[in-house]
Every structure is written in C-alpha cells, then in structure tokens.
Amino acid sequence: MVLVAAVRDYINRMLQDISGMKVLILDSSTVSSVSVVYSQSELLKKEVFLVELVDSIAMSKESMSHLKAVYFLRPTSENIQHMRRQLAKPRFGEYHLFFSNILKDTQLHMLADSDEHEVVQQLQEFYADFVALDAYHFTLNMAANHMYMLPAVVDPSGLQQFCDRIVDGISAVFLALKRRPIVRYSRTSDIAKRIAHEASKLMYQQESGLFDFRRTEVSPLLLIIDRRDDPVTALLNQWTYQAMVHELIGIQDNKVNLKNVGKLPKDQQEVVLSSEQDAFFKANMYENFGDIGMNIKKMVDDFQQVAKSNQNIQTIEDMAKFVDNYPEYRKMQGNVSKHVTLVTEMSKIVEERKLMLVSQTEQELACNGGQGAAFEAVTNLLNNDNISDVDRLRLVMLYALRYEKESPVQLMQLFNKLASRSPKYKPGLVQFLLKQAGVDKRTGDLYGNRDLLNIARNMARGLKGVENVYTQHQPLLFQTMENITRGRLRDVDYPYVGNHFQQARPQEVVIFVVGGTTYEESRSVALQNSTNSGIRFILGGSSLLNSKRFLKDLEEAQRIARISTNML
C-alpha cells in the first residue's frame, strides 16, 4: 500500500478541506499520477465535477466563478507560464495551487506577482511526482526513454533533462516516504553514476533542510541500476497474468485498451487493471497462465449462480433485494467479462504466434547452458514460417547475449539467417544491443556463471527440475535483492556516493532502474516483500517496459547514434 497510500493521502488533503463544487486541473504527468490511485467516482464524492488539462483549459474563455479551481501540476517552466496567464484573467472563484515537486524561489515570486486579483487561496508542494502503479512499484512514464543508451556527447542538453526528471522523481518518492537514503549505483553505468551523484547532491546539499527528517536507526538505501545490466528480462515473453497482459496487449497507467479486440461494447473498450480496485486481479496478478484459466472458470461459475438466483424473483421482497444488489451484480458482470475478454484475446495471440514453442527456447536461452542445442533450436525456429519477425529477432538477441564470446561463427550464421528471413530487422540492431549490454558492459552475474555460489545454486536447480518451464527465469533483480538481504552486495560493483556508508542492513530499499522496469521484476519485488525478511523493497524506473517498448527504445537509440557525427 505504501506508494499508493502516499499519493492518495496527498489527493485527499488537496480536496477535502475545500468545500463546494470544484474543478481539478492537471497536466499530462499528474493526470497519470492521479488516475492510477483515484477513480472518477471517488473524485465525484469529493465534489470534483470537472477534470481538465491545464493546456486545454487555457483555450476556454468562459467564466466559471461558481467553481473553485484545484491545480495539481509539475513545477515546470511551461506550467508556471500557463498559471501566470490564467491568473492574469481569472475564470474561477478561487485558485488552490498544488505542485508535485519542489518549487524554485523564482517560480514562487513569478506566481505571487501574477496574482494581482488575489484569487490564490493557498500554494503547497505535495510530492507525488511519480506514477504509483502498485504498492511497491512506480514509474516516471518518460517518453524519451532511449536517452540512457546514448553517450553524453550526442545530446548533452537532452541527457541533462532526462537525468533531471529522474532525480525529480526519485526525490519526490523519498519526500513522500519522509526519508533520506544512502545512495549506491551500478559501477559500469555512467548514467547511473551521474544520477546517483545528482540525487545525493540534491538531498544532502541543495535541499538538505527539506530532507532532514527524524533519523531512523538505519538509513534507507537507494540503489540506482541500469537496464542494460539485465536486457534479458525485457526481451522475454511472459506467462504470469499482469506481465502477460502488458507483453501481449499493453497496459498504460493500469488501463488496457481493447478497442482493437473484436466487437466489444463501448464501456468495455478500455478496462482498468488495478490491484486496488479489482479483488480478482489482486489475487491472480502473479499467477501463471494455466492457473488463471482455471480461476476465471471458477469466477464465471460463481457469477452464473448469482445470475440464476436473480432470475428467480417471486415476491416483492425478492424484487427489493434484487434492486439493492443490482450495482454489485453489474460490477461483478463487468469484472467477469473483462477477465474473460483478456484471457481469450491472449490465448488467441499465443496460438497465432506459436508462443509456447518460442517461449520454451527463450527460457532455455535465459536459464540453461548448452550452446549446441540452443543454436539448433534457434535455427529451427528461424526457419519456421509460423514464427513472427519480432519473435525471430528476440530469439537471436537472447542467443547473442548468452553466447557472444563462445560461438562468434554460429552467431554470424544466425545474423545472416535473420537478415534473409526477416529483412525488416537488420542484424545491426543485435550488434547494437551487444555494444550496449554485452558481457563486458554489465554489472552483476546475469547468467549465474561468474560467481561460485550462483553456479552451485543453478546446478541444484537443474538437479531438482523446475515446476514450470515457462516461468523458470528469474530477473537479475531477484539476485540483487537476495544479496542486499544477506549483506552481500559488493561495494566494488555497487559503490557508495560520497562518505555516506551503510552501517547495518537497511530496512527500506528503493531500487531504481534507469531505462525502465518490467512487471516480471515488480512480481519479484512483491514476492520478496511477502517473505518478511525485515526489508521492504520498492521498485521504480524511468518507464514501464515490455519487449516491444524495449526494442523501440533500442531502435531509436541506434537511429540517433547512426546520424550523430559525434558518435565515438
């Protein structure tokens, strides 16, 4: 509940003390922050009768002096200009201004100077400058997410904006949690190092007074890592419910767009998938695909029982009871049809793309050695006409990441095969991935074959066998959390910033992935938190990835790197 509760608390405080009819005015970032934790009906209960975007409200000239305006915006120069123009010609009776992060003094003075009509009732900073997807998972929804793959010389100002936005997001999380962390970062990543130093400077120097909370026994840990340390997790097909929906259909701010799925009624073309609002989803979001099918069947059976009892209306009392229960019945009906639609659509995609066949080889490439068998399996799939172009590309990438040093000759054969079978993907993209995230660039033991302890663990797992061949992969993050829990995270791989060191095992850890997180990783975090190890982990990232988004970022970075004359 921690992140969701923090943002909900801010929104409650914004709305509950302002009586009467209100309009809530948001920007493109805060609309996401609010929508994932607060529903339309909850806003109505707080007398919010209109929700508008700050740039579209600027177009309208109509006076609405009967409404009180509650603004919740990021403190960007663009938003400050919007506010100055809107305060110069006020349309609302009162203005209550809330900003999602730290305002600069100059911005405060600008706003004060613009309030000539004295309509501003209050101005506060409420630190919800992130999107709380789940209790322990947040994202920053960054559009230019490919920036982390580019050297600083390619676009210095673009990279600075990218880093600034991440530092803003991380600092807001710690202000919301009322903590100041010790900072560590992934040694091989220049961008992780840069963000770690800038975040530390903000918290310990520039805004040290703001972060000077009552000291906890042990400071929390902020660990900044790079997506390129584990590109495998972002490339794999997924077989647990939440991760699979995002991989095959796509989730944006806890909503799934189903407009392209058959002929659905209008109210089912966009559905909400939130563990806060949907008990079935909360219970099943981390379950594997096979179990989901059985659990949905049980839900359908339960619903049919309820529907049957509603058909049997004999008396006035039965009628009254039916009317009382009708909202709950409609909600149940909507929920059943939502999950049935999602699973039906995913089953169709799995069959069309032969994903069970593809995924078996993907999991072997990610989890088990055996280069000869892997080469044969990938070659067979490249030759299979039923396999889609993007699945062929991902298979070659997974093979290349695993065996780049062991079999360069066979890797070239796969490059050539990919070029002839799927000409829209040039082999250059796989080479670009290796340049970005090859074995020489990574921190950590991605395949569990560098560290003696990991080798022993993998052997033991191999002897025991795996419960489910499709979900045997564990992200590198799992190993990182285990190392933190056991006090084994090596200083040489994850150095500290400045002279702030961890004296004892932290009780709170925020792991931020520059380049984005996956739902497979957020599942790992939720499962780790449920073990009661005494440490609470929170996962955050610059964006939320599935393989499609990861490949899009990779292609965009490659395109810019090609045209940049400064590329080293």
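The values are calculated or read from the model by the stated rules, or taken from the named source; none is laboratory data. Note that the structure is predicted; figures quoted are calculated from it, not measured. So basically every Cβ, Gly included, is an ideal-geometry build from the backbone, and we count neighbours across all protein chains shown. SASA here: full protein model, heavy atoms, side chains in, ligands and nucleic acids out. Shrake-Rupley method; radii C 1.70, N 1.55, O 1.52, S 1.80 Å.
A compact table of results
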| read-out | value |
| --- | --- |
| FRET E, pair Asp17, Leu527, Förster distance 56 Å, beta-carbon r, rounded to 0.05 | 0.90 |
| 3J(HN,Hα) from dihedral phi, the range 74-90, Karplus parametrisation 6.51/-1.76/1.60, rounded to Hz, x for glycine, proline | 6, x, 8, 4, 4, 5, 4, 5, 3, 5, 4, 5, 6, 6, 5, 10, x |
| Theoretical gain in end-to-end length, Gln333 to Glu376 [0.36 nm per residue, Cα-Cα removed] | 10.7 nm |
| Pair Ala307, Ala143: separation of 7 Å Cα→Cβ label points (nm) | 4.3 nm |
| For the range 134-251, fraction of C-alpha pairs farther apart than 20 Å, in % | 52 percent |
| q = 0.11, 0.21, 0.23 Å⁻¹: log10 I(q)/I(0) that the Debye formula gives for the range 71-189, counting C-alpha atoms only | -0.49, -1.21, -1.32 |
| Span from the the range 195-228 Cα centroid across to the the range 335-371 one, whole angstrom | 40 Å |
| The chain: C-alpha pair distances exceeding 48 Å, % | 16 percent |
| Computed FRET value (nearest 0.05) for Ser41 with Val300, which takes r as the C-beta separation and R₀ as 30 Å | 0.70 |
| Residues of the chain: accessible area per residue with a 1.4 Å probe, Å² | 47 Å² |
| With all protein chains modelled, accessible area of Lys552 [1.4 Å, Å²] | 120 Å² |
| Nonlocal Lys pairs with alpha-carbon distance under 21 Å, the range 15-123 (8 or more apart, or different chains) | 9 |
| Cα-Cα over 20 Å, subset of Lys282/Lys348; Lys405/Lys435; Lys297/Lys548 | Lys282/Lys348; Lys297/Lys548 |
| Using a Förster distance of 25 Å, the FRET efficiency for Ser564-Lys405 (Cβ separation, nearest 0.05) | 0.35 |
| Per principal axis, descending, Cα span of the range 1-115 in whole Å | 39, 31, 23 |
| For Gly516, distant residues with modelled amide H under 5 Å away | Arg227, Ser542, Ser543 |
| Percent accessible area from carbon and sulfur atoms, the range 1-158, protein chains only, probe 1.4 Å | 52 percent |
| For a label point 7 Å along the Cα-to-beta-carbon line of Asn384, residues of the range 470-494 with backbone N under 17 Å | 470-471 |
| Of Val272, Leu87, Ser219, farthest towards positive along the dipole that unit charges on Lys, Arg, Asp, Glu beta carbons give the chain | Ser219 |
| Estimated inter-spin distance, Asn257 and Ser56, nm [label 7 Å along Cα→Cβ] | 1.5 nm |
| Alpha-carbon Rg with Dmax, taken over the range 348-442, Å | 12.6, 40 |
| Label-to-label distance, nm, for residues given as Lys201 and Glu78 (7 Å Cα→Cβ offset) | 2.5 nm |
